[in-house]
Structure formats: structure tokens, C-alpha cells
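These notes concern the structure reproduced below.
Derivation of every value follows stated rules applied to the coordinates shown; laboratory data play no part. The model shown is predicted, which means the values in this text are computed figures rather than measured ones. Don't worry about glycine lacking a Cβ; one is built from the backbone with ideal geometry, like all the others, and counts go over all protein chains shown.
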Amino acid sequence: MTPPVTFCAPGRRIGFLSLLTAVMLVWGCRGDAEGVRHTRRNPAAISSREEPAAAQLNACLGLTVSEVVQHLGLQDAERRWVDEPPLILRGASYYPAKGREVTLYIAEGEPLFRNFNENRDWDYSAFLRSRIGGIQYESGDVHFDIGPAVPWQWRHP
């Protein structure tokens, strides 16, 4: 009987497997952290008859507000600033259809992220250039909180 073919000495197998596992974990997790910012995806528009899937909204993270507004068909929707606490910009809410609300939150590190404005008159064109860090979607019983920039959501430790 021939011994099994190995490329590591028996005492080093555990170290090699640990290193291999660590590399796979680091590469696998990068897409959820900093890699999302540079990923381009094409989410479909939110129609007045169809509910979006969480994956569809997740695909918008890291895109600019302008891209997301275009992709989700929010250009003509009523819009209101979201500030919390008052006078500190967090994002904007869009109302594309009766009973539906899509809130786009600015990603941390963007120029308008948590920008203070005593008059609540932020520059909408600058907002459109900001990257998305979170999305909240509400329609009837459907509710999604997507991304780290959505405030007041509970997360697993």
C-alpha cells in the first residue's frame, strides 16, 4: 500500500490549512467591506406594482445616489431630506408610489455625510454625487434595512 500524497509534513498540515482558511475568509469578506464601493451592478427599477427584493437593493450599495435614483426610477418621485438629529444630513426619502418609501442614506466618508446645515438647504446636486451606504424600503408589510448607514437597526455582534 502506498502512502497518501502530501505536500506538507504531517506536523505542518494544520498550519497550512489554517493559513488557507484565513486567506479564503479575508478574500471572501472584502466584498462586504471596502470592495462594495467599487462594484457596479444594474438594479431594476421599482415599479408601482412590484416589490423589490433585498438583493436588488443590496446591489445599489456603493453606487452614487444619481445612479440609484436612475436605476430605481425615483427621478419624478416626491423627495424629502432625512436629517437626524435635526439639521444633520443622513440622506433623502423618495415616495415613488402611494404607500411606498425609499430612503437613500449617504455612505460614511462622503463629503455630505452627517453635514450640518442650520437651514436644511443642502445641495441636491452634491447629494446626487454621494455614494450610497444604506437603503430603507417600506411598503405595507414589506420593510428592508440594507447597509451599515441605516440608523437604528439592530445588528448581530
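For a protection proxy built on the mean count of beta-carbon atoms within 10 angstrom, sort 108-117, 66-75 highest first, please.
66-75, 108-117
Consider just the alpha-carbon atoms of the stretch 77-157 and return their Rg together with their Dmax, both in angstrom.
Final numbers for Rg and Dmax: 12.7, 37 Å.
Say each of ASP141 and ARG114 gets a label point 7 Å from the Cα, pointing the same way as Cα to Cβ; how far apart are those two points in nm?
For the pair ASP141/ARG114, the computed spacing is 3.8 nm.
For the pair ASP123 and ALA53, what calculated FRET efficiency results from E = 1/(1 + (r/R0)^6), where r is the Cβ-Cβ distance and R0 = 41 Å, to the nearest 0.05?
After rounding, the FRET efficiency stands at 0.80.
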